[in-house]
Structure formats: structure tokens, C-alpha cells
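Quick notes on the structure that follows.
Rule-based calculations on the coordinates, nothing more; no lab input. Just so we're clear, the structure is a prediction, and the values are computed from it rather than from any experiment. FYI the Cβ positions are ideal-geometry reconstructions off the backbone, even for glycines, and counts take in every protein chain you see.
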């Protein structure tokens, strides 16, 4: 097997734990003269020990009572794998060496490669083969949980409700093949990556539905965040448009959806002059908070200001 072949085989040995990224992007030892980048997201739980707990209750009984396991960065992982498939295997526009060199450099000096990755097919746009990657990922994790229940056949339930944890998790995650730079926030819940769903909310909701697996009892709740500019939901027409989106959400049997109806300019102005925007409230994940009270680093004020709201004027059918 070639060196690139060995590396590509390792690259897809993913998900040993309940984080979407674990050993996805291997570091090459030949670059020993440069500082080693932070390891990609390590596992939240070390599953060999967790699996041991399910067999020997006396080893770590505290873990056995944990009701669910949370996965972060689903869209980041889907988009990354889609970029690898599209650019390396399908179109052959990049090689493994070119991609890994750019990632290890955190894209510095490799903007052309990053642009290819940013413009590769993205989750949330109704592309069936991209959504199928998300389904395969979720099935893999749910099957693992199914095979390793708690004592008395109690299931570990998998949820994708990060609240704001996708922000600090992103800070310990190196650059990823979807074009995301190191230390930037991961995608939130099961929503598409920020600004990457360009076909409208109905298409995005359908993609999310295709990328989930409801056939396991281990499946728990998922969080969806949708952002709209005020113009999109203004007046009676806007209200009907929002009602249509909520009906679509219901028909697809999604678990949780929340809306932020704000424009980017307002959030950026609140960052510059917070005293003038003390009453500005944003929706986080099951709760609301004053925007100016959010920590830029921890609670995600920067990423909410930089996230792109859906600017479509008409809801697609």
C-alpha cells in the first residue's frame, strides 16, 4: 500500500468516541521541525473503558447513570468528508498530500486549496450523497451504543444538543477539510455549517431529516438553529412563511427548532457599542440570553455575529 493509501485508510478510522472528530486528520512525523498542531478533537468518553463499565458495574458506577452521550460538529464532519470524497476521489482536483499539507499549515499559504474545500458540496443543500454521509455517521454511532448498553439493557442515548459547547470544542480542534480554520467554532446541533446552506430552510430541513436514523431506541433529541433577517418574516406574508417552515419541521418529525430573527449588522453594531444594545436578546439553545452578556470566547458572541442569516426572500416549495 502506498504512503497516501495508508494515510487515507487511517483518515477514515473515525468515531471511536462520542465526538464527530477523533483521529480524522493524522499528523505526519516528517514535519518534526515545526510545532505539532493540537490533536484533532479527542473523544469525550474513552469508549473501551465505557464499554468495560457496561460489563463490570463496579469499575466506574458514576458513569453508568449518565443518561445520554452528546455529539458535536455533525455538519463540520459531513462537509469535511464530502470535501475529501469530492476533491480527492471523485474529481481528483487534490491529492492527500496537498490537502494534509494545507490543513497542517492551517491554510496559511494555501488559500487556493481552502477555496476548493469551501466550495465543495455542503450538507443542508439537498444533495443526497452528502446527506447520506451524515446518515452513515449517525448509524455508526447508534449501532455502537446499541451494542454496548448499560447494565440491565438500559440504552446510552445519543443527543446532538450542544448548547454552546460547539464553540469551546472548536477551540481545541485543528483545521478541517471543509475549509474551517483551526480553533474556529464547530457546527451546532444538526444544523448546516454557518452560511453553507444556500437553498433555503425547507431544503435544509429535508437534508437534516435524510441525515438522521430514527430506527434505534438510542436516538435522542437534536437541535436545529435557523437564522432569518427581519425582512424575511415581516408582515402577514412573512408570518405565513414562518408558519410553513414550522409545519415542514413538524411533518419531518424533527425534535427541536429555534429561530433567531436578527440581521448581521445589528449584531455587529452591538459588539462595537454594547451599551446601546443592552436589551438585545438572542436565542441560544433552549434558552434566551442578552447578546451583550455573552462571552465572545465561550458563549459564542463572535460566531453569532459572524453567522450568515438566510437571506432568501421567498421560502422554496
Full-stretch length increase - residue 154, residue 136 - with 0.36 nm per residue and alpha-carbon distance subtracted: 4.1 nm
Mean separation of Cα contacts under 8 Å (at least 6 apart) over the residue count of the range 101-248, i.e. the relative contact order in percent, is 31
May I ask you to order 89-95, 180-186 by the average number of other C-beta atoms within 10 Å around their residues, highest value first? 180-186, 89-95
Mind computing the radius of gyration and Dmax over the alpha-carbon atoms of the range 123-279? Å is fine for both. 17.9, 56
Take each of the peptides 99-111, 263-275, average the number of other beta-carbon atoms within 10 Å over its residues, and list them starting from the highest. 99-111, 263-275
Tell me, what is the FRET efficiency for residue 263 and residue 237 to the nearest 0.05, using R0 = 25 angstrom and their Cβ-Cβ distance as r? 0.90
Taking the mean number of other Cβ atoms within 10 Å as a proxy for protection, how do you rank 74-87, 124-137 from highest to lowest? 74-87, 124-137
